[in-house]
1. Select from the range B:49-65 the residues that are more than 14 Å from the ligand (Cβ to nearest atom) and out of contact with any Lys or Arg (no Cβ under 8 Å at 6 or more places or on another chain) and write down the one among them that is nearest to B:I107 (Cα to Cα).
2. Could you go through the range B:81-91 and let me know if any residue there is outside any helix (DSSP H, G or I), aliphatic (A, V, I, L, M) and within 16 Å of the ligand (Cβ to nearest atom).
3. Restricting the search to the range B:242-295, which residues are small (G, A, S), part of a helix (DSSP H, G or I) and under 22 Å from B:S446 (Cα atoms)?
4. Which of the numbered conditions does B:P113 fail, given that it passes all the others? Conditions: (1) part of a helix (DSSP H, G or I); (2) within 14 Å of the ligand (Cβ to nearest atom); (3) in contact with a strand residue (DSSP E or B) (Cβ under 8 Å, 6 or more places away or on another chain).
5. Quick check on my filter: what residues within the range A:167-188 are at the interface with chain B (Cβ under 8 Å from one of its Cβ atoms) and either polar (S, T, N, Q) or touching a Phe, Trp or Tyr at 6+ places or on another chain (Cβ under 7 Å) (or both)?
6. Enumerate the pairs (first residue in the range B:405-422 and within 11 Å of chain A (Cβ to nearest Cβ); second residue anywhere and more than 11 Å from the ligand (Cβ to nearest atom) and assigned to a helix (DSSP H, G or I)) with beta-carbon separation below 8 Å, excluding pairs fewer than 6 apart on the same chain, so at least 6 apart or on different chains.
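The values are calculated or read from the model by the stated rules, or taken from the named source; none is laboratory data. Note that the structure is a prediction, hence the values are computed from the model and not measured. Using ideal geometry, Cβ is built from the backbone for each residue, glycine included, and neighbour counts are taken over all protein chains shown.
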Amino acid sequence: MDKFTTHTGIGVPLRRSNVDTDQIIPAVYLKRVTRDGFEDGLFSAWRNDPSFVLNQPAYAGGSVLVAGPDFGTGSSREHAVWALQNYGFRVVISPRFADIFRGNSGKAGLLAAQVDEKVVQRLWDLIEAEPGTQVTVDLESRTVRAGSGPDAVEDSFDIDDYTRWRLLEGLDDIGITLSHEEDIVSYEAGRPAWKPATIRA
Amino acid sequence: MGRTLSEKVWDEHVVRSTPGEPDLLYIDLHLIHEVTSPQAFDGLRLSGRTVRRPDLTLATEDHNVPTLDWDKPIADPVSRTQVETLRRNAEEFGVRLHPLGDVEQGIVHVVGPQLGLTQPGMTIVCGDSHTSTHGAFGAIAFGIGTSEVEHVLATQTLPQAKPKTMAVTVNGSLPAGVTAKDLVLTLIAHTGTGGGQGYIVEYRGQAIEELSMEGRMTVCNMSIEWGAKAGLIAPDETTFAYIEGRPEAPKGADWDAAVAHWRSLRTDDDAVFDKEIVLDAGEMTPFVTWGTNPGQGVPLGASVPSPEDFDDDQDRIAAEKALQYMGLEAGTPLREVKVDTVFVGSCTNGRIEDLRLAAEIIKGRKVDPDTRLLVVPGSVRVRMQAQDEGLDVIFKEAGAEWRGAGCSMCLGMNPDTLEPGERSASTSNRNFEGRQGKGGRTHLVSVPVAAATAVRGTLSSPADLEPVPAGAN
Ligand code: SF4
């Protein structure tokens with residue numbers, strides 16, 4: 001995984017709450033067996049609407065999605081994270097993420113930055129007033145910044161320490177766990193014999 | 001201080017605990033299906049890793065398989081590739097697989113309990129959010145993403161931050177005709193879709209204890225719909241009776257040892273939950289959703305709400321959007337809402353008890369001529385059991401479609417989908433926009449409401465039906 005320290009890109013306002021994973025990418029797009037090519041399915045139902053934010057040229061090339069609360073609810077499909085990444089998003093900002101979505105983002109290298117609801121509101125106002133506005137998300141200092149002058153936004157965001165550390169270092173989770181192989185082996189030695197197995201010796 | 005049930009199960013699975021880091025949890029059972037696993041197996045291949053414990057891993061095909069002509073090659077080439085990829089991966093890595101056509105094939109969350117693999121006190125994961133279903137047995141069970149699937153395949157463990165604990169106590173008994181589904185839909189409307197976020201929830205109280213294992217699975221299944229990490233229920237005699245004698249249940253002395261341990265899996269009297277919710281089962285009624293998330297529900301006897309009924313801005317906007325998408329007018333009695341398709345199935349309500357309940361209501365009646373009823377058993381075993389009991393005949397005589405096992409119209413990944421604008425009453429768990437097909441409109445309902453709706457053609461409960469004429473069937 002690539003290291004993530006700071007990212008600056010065009011902010012895209014998604015004025016919706018409860019954006020579930022079936023909206024992010026409907027099930028019919030989940031049939032690929034690779035991790036790429038999911039950008040076509042991203043918000044596919046909404047993209048038929050010419051006024052949908054991703055269809056507006058001012059936000060073309062956007063990489064920081066600013067969404068309402070309860071983003072990523074529903075399915076565990078990591079394809080939702082891949083679809084956002086395949087499309088070009090590096091960061092999603094929301095007041096509240098569903099747990100599995102946030103976990104998946106951390107593993108796949110998409111930054112899920114949780115901010116106060118008021119911050120989302122101010123970011124929406126700012127980037128809608130001036131489409132194309134750049135948003136900077138600094139993982140080192142956990143801050144989000146956008147605009148200048150009286151309407152400028154500068155605030156902190158939440159992300160758990162462990163995920164932040166892994167993203168900053170670009171670390172592979174499995175590698176970390178396998179370095180604790182001895183602990184796993186000793187745990188296995190103590191498991192009761194009556195625990196079920198799918199294949200019997 | 002005492003510990004809660006979930007804390008006990010958690011503590012038993014900690015492989016490694018270091019301050020400032022998530023706990024490393026051992027995983028007792030890893031369930032796999034065709035949609036969320038191919039990239040994980042690819043990851044293993046790329047890094048030269050193997051499956052650490054194939055003997056704690058089980059795969060089946062459920063999400064995108066057809067429920068008609070399942071003995072022929074899958075028509076859609078992309079679906080076929082995904083299923084064939086799972087078969088290749090299972091073969092290469094030595095994982096037990098129940099493919100289409102196998103007698104143990106079915107929805108992964110129906111198959112685990114049915115084989116007796118789902119047992120109290122376990123940790124169970126699957127690349128599917130409704131893994132919470134297995135919590136009905138007193139297990140910690142939750143859905144994971146594909147990167148985590150790869151992690152579990154490679155290490156049989158998962159780093160997890162310890163969630164907070166919550167108790168949902170449901171006092172009293174459910175009135176006749178009110179089911180576990182109504183209970184959980186009522187709960188979600190009460191908490192909202194984010195209400196359980198960050199918690200492992202223990203469902204308890206008289207109404208929960210009185211539920212069958214099927215009913216408990218329905219409740220735990222929908223834990224994710226209010227954002228909970230997992231939901232579980234303390235194991236008791238009902239649990240042990242369900243497991244005993246199943247193919248993978250412990251036998252002989254192992255059974256005694258297992259049950260002795262399972263009996264210790266209860267929340268201590270002096271344990272403290274981080275949060276508690278108390279509900280009264282006696283007040284519950286058949287409950288249906290009107291919107292596009294499972295929290296947007298009301299009693300069947302109510303009318304479609306108006307956006308003005310909501311104080312919170314976000315809720316009001318969400319209600320406006322939902323009503324528009326659903327094609328509903330505020331103030332319309334839900335009983336007058338006309339339904340095109342009724343879907344009985346899914347890991348929420350696709351077990352034998354659900355099919356029996358539906359058949360009991362359908363028996364001697366006919367499906368409304370403008371309505372289609374699709375009955376999709378959760379597994380091949382459920383299908384065979386239902387056929388042994390003659391339920392398939394009851395459904396077919398009423399004009400319903402009797403299908404093969406799988407997820408089917410729950411997520412519309414196979415050919416079973418709604419047309420744009422088509423309205424369904426569905427026993428599944430999600431009413432998201434487009435969930436059952438692009439532009440499709442979903443009302444989540446219990447099995448009795450689904451069956452009665454199929455007969456009347458509008459959202460209904462069995463109490464709304466004319467009595468079956470004497471002598472019919
Ligand atoms: S039946 Fe529906 S909810 Fe259950 S596993 Fe299948 S797709 Fe998921």
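1. Among those residues, the one meeting the criterion is B:L56.
2. Checked against the condition, which is being outside any helix (DSSP H, G or I), aliphatic (A, V, I, L, M) and within 16 Å of the ligand (Cβ to nearest atom), the range B:81-91 yields no hits at all.
3. Restricting attention to the range B:242-295, the residues satisfying the condition of being small (G, A, S) are B:245, B:249, B:252-253, B:257-258, B:260, B:264, B:271, B:281-282, B:291, B:295.
Filter once more, keeping what is part of a helix (DSSP H, G or I): B:252-253, B:257-258, B:260, B:281-282.
Selection gives B:A281, B:G282.
4. Result: B:P113 fails condition (3) only.
5. A:T177, A:Y187
6. Close Cβ pairs (under 8 Å, with a partner that is more than 11 Å from the ligand (Cβ to nearest atom) and assigned to a helix (DSSP H, G or I)) amount to B:G412/A:V28; B:M413/A:V28; B:M413/B:S79; B:N414/B:S79.
Residues checked against (1) surrounded by 24 or more Cβ atoms within 10 Å (Cβ to Cβ); (2) out of contact with any Asp or Glu (no Cβ under 8 Å at 6 or more places or on another chain); (3) outside any loop (DSSP other than H, G, I, E, B); (4) in contact (Cβ under 8 Å) with a residue 60 or more places away in the chain:
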| site | (1), (2), (3), (4) |
| --- | --- |
| A:D49 | no, yes, no, no |
| A:L54 | no, yes, yes, no |
| A:A58 | no, yes, yes, yes |
| A:G61 | no, yes, no, no |
| A:S75 | yes, no, no, no |
| A:A80 | yes, yes, yes, no |
| A:A83 | yes, no, yes, no |
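For every residue, the table says whether it meets (1) small (G, A, S); (2) under 14 Å from A:D155 (Cβ atoms); (3) modelled with pLDDT under 95.
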residue: A:S76; (1), (2), (3): yes, no, yes
residue: A:F89; (1), (2), (3): no, no, no
residue: A:I93; (1), (2), (3): no, yes, no
residue: A:R96; (1), (2), (3): no, no, no
residue: A:R102; (1), (2), (3): no, no, no
residue: A:A112; (1), (2), (3): yes, no, no
residue: A:W124; (1), (2), (3): no, yes, no
residue: A:V137; (1), (2), (3): no, yes, no
